[in-house]
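J.: Take this structure first; my questions come after.
The values are calculated or read from the model by the stated rules, or taken from the named source; none is laboratory data. Note that the structure is predicted; figures quoted are calculated from it, not measured. Cβ placement follows ideal geometry from the backbone for every residue including glycine, while neighbour counts extend to all protein chains displayed.
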Amino acid sequence: MSKKIMLFALVVASVAMFALPAAASAQEVHLEGITSFSGTAVAGSLTTEGEPVITCASGDVSGAFSAGGTTGEISLDFTGCHTIILGITTKCRTSGSPIDNTIRSSGVFHLITISASKPGILVTPVVTTIMCAGITNTITGGNVIGTITSPACGAQSASLTTKFGATGAAQEHTTYTGSTFNLTTKTGEGGTVKKAGLFSNATVVAATEGVLNCT
């Protein structure tokens, strides 16, 4: 196993701008009546090809929608983050974090239709640097697609649950409007950019109920 450690990104995620294909507007999902939200993420992991797995015990999620209820910004604060190198558990944290096992990330999100009116979320994290055992690791870019498991299309709710599924470094969903989206990471300045898979679930709650419009 390589001593390189690749960074934990999330679920679900804000502040960086990203470009979607021109056809994206035909497959957008709108959450009407919601302006901001907060909630929690359960234990999750990030797996990069040929690298030790980064895991975190839990996370806090907060964010806000832009006008239209399709895009917005998200901030994530994960705790209990670590990796295992040569059988030794090592804590991981973002650069500058006052706590040695906390990873903070942010990005932008876009509500989308994955297939057959199945609602999903496309997240683009900002470039983020963490430290594990004194080694610097970076999420260089890319995107990660998850599914919205609740509410269903057309349903009204004050909460939203998302699922990011992955088998190893292979994300469950990677295609949107004919384009392929993957999260990418690398170790060090001269490291090779590699594909990564995010496994995480999160539930957020708003002050008011909204309707998930998938048409």
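J.: Pick out the one residue from Gly134, Gly142, Gly154 that is surrounded by fewer than 21 Cβ atoms within 10 Å (Cβ to Cβ) and over 30 Å from Glu32 (Cβ atoms).
T.: Gly134
J.: A further question follows. Criterion first (surrounded by 22 or more Cβ atoms within 10 Å (Cβ to Cβ) and not in a loop (DSSP other than H, G, I, E, B)) does Thr129 satisfy it?
T.: Criteria not met by Thr129.
J.: Follow-up question, since we're still on this one. Mind checking whether some residue in segment 104-119 is out of contact with any Leu (no Cβ under 7 Å at 6 or more places or on another chain), within 13 Å of Cys214 (Cα to Cα), in a strand (DSSP E or B) and hydrophobic (A, V, I, L, M, F, W, C)?
T.: Checked against the condition, which is being out of contact with any Leu (no Cβ under 7 Å at 6 or more places or on another chain), within 13 Å of Cys214 (Cα to Cα), in a strand (DSSP E or B) and hydrophobic (A, V, I, L, M, F, W, C), segment 104-119 yields at least one hit.
J.: Can you tell me which condition Thr70 does not meet? The list is (1) under 17 Å from Phe199 (Cβ atoms); (2) in contact with a Leu (Cβ under 6 Å, 6 or more places away or on another chain), and all the others hold.
T.: Unmet condition: (1).
J.: Next question. Of the conditions (1) more than 14 Å from Val211 (Cα to Cα); (2) at pLDDT 90 or above; (3) crowded, with 24+ Cβ neighbours inside 10 Å, Thr147 clears all except one; give me its number.
T.: (3)
J.: Let me confirm something: among Ser97, Ser105, which residue is among the small types (Gly, Ala, Ser) and under 18 Å from the mean Cα position of the chain (by Cα)?
T.: The unique qualifying residue is Ser105.
J.: Can you tell me which of (1) farther than 21 Å from Leu183 by Cα; (2) among the small types (Gly, Ala, Ser); (3) at pLDDT below 50; (4) in a loop (DSSP other than H, G, I, E, B) is the one Ala67 doesn't meet?
T.: Ala67 satisfies all of (1) farther than 21 Å from Leu183 by Cα; (2) among the small types (Gly, Ala, Ser); (3) at pLDDT below 50; (4) in a loop (DSSP other than H, G, I, E, B) except (3).
J.: Could you list, in sequence order, all residues of segment 80-92 that are assigned to a strand (DSSP E or B), modelled with pLDDT of 90 or more and surrounded by 15 or more Cβ atoms within 10 Å (Cβ to Cβ)?
T.: Those that are assigned to a strand (DSSP E or B), modelled with pLDDT of 90 or more and surrounded by 15 or more Cβ atoms within 10 Å (Cβ to Cβ): His82, Thr83, Thr90, Lys91, Cys92.
J.: Something else now. Specify the residue that is farthest from Phe37 (Cα to Cα); the eligible residues are those in segment 186-213 that are buried (at least 21 other Cβ atoms within 10 Å of the Cβ) and among the hydrophobic types (A, V, I, L, M, F, W, C).
T.: For segment 186-213, the residue satisfying everything is Ala196.
J.: Quick check, is Thr215 modelled with pLDDT under 90 and either outside any strand (DSSP E or B) or over 16 Å from the mean Cα position of the chain (by Cα) (or both)?
T.: yes
J.: Which residue is surrounded by the fewest Cβ atoms within 10 Å (Cβ to Cβ), if the candidates are limited to segment 162-180 and must be within 13 Å of the chain's Cα centre (by Cα) and part of a strand (DSSP E or B)?
T.: Checked segment 162-180; the qualifying residue surrounded by the fewest Cβ atoms within 10 Å (Cβ to Cβ) is Lys163.
J.: Quick check: is even one residue across segment 181-195 in contact with a Phe, Trp or Tyr (Cβ under 8 Å, 6 or more places away or on another chain), modelled with pLDDT under 95 and in a strand (DSSP E or B)?
T.: For segment 181-195, residues in contact with a Phe, Trp or Tyr (Cβ under 8 Å, 6 or more places away or on another chain), modelled with pLDDT under 95 and in a strand (DSSP E or B): absent.
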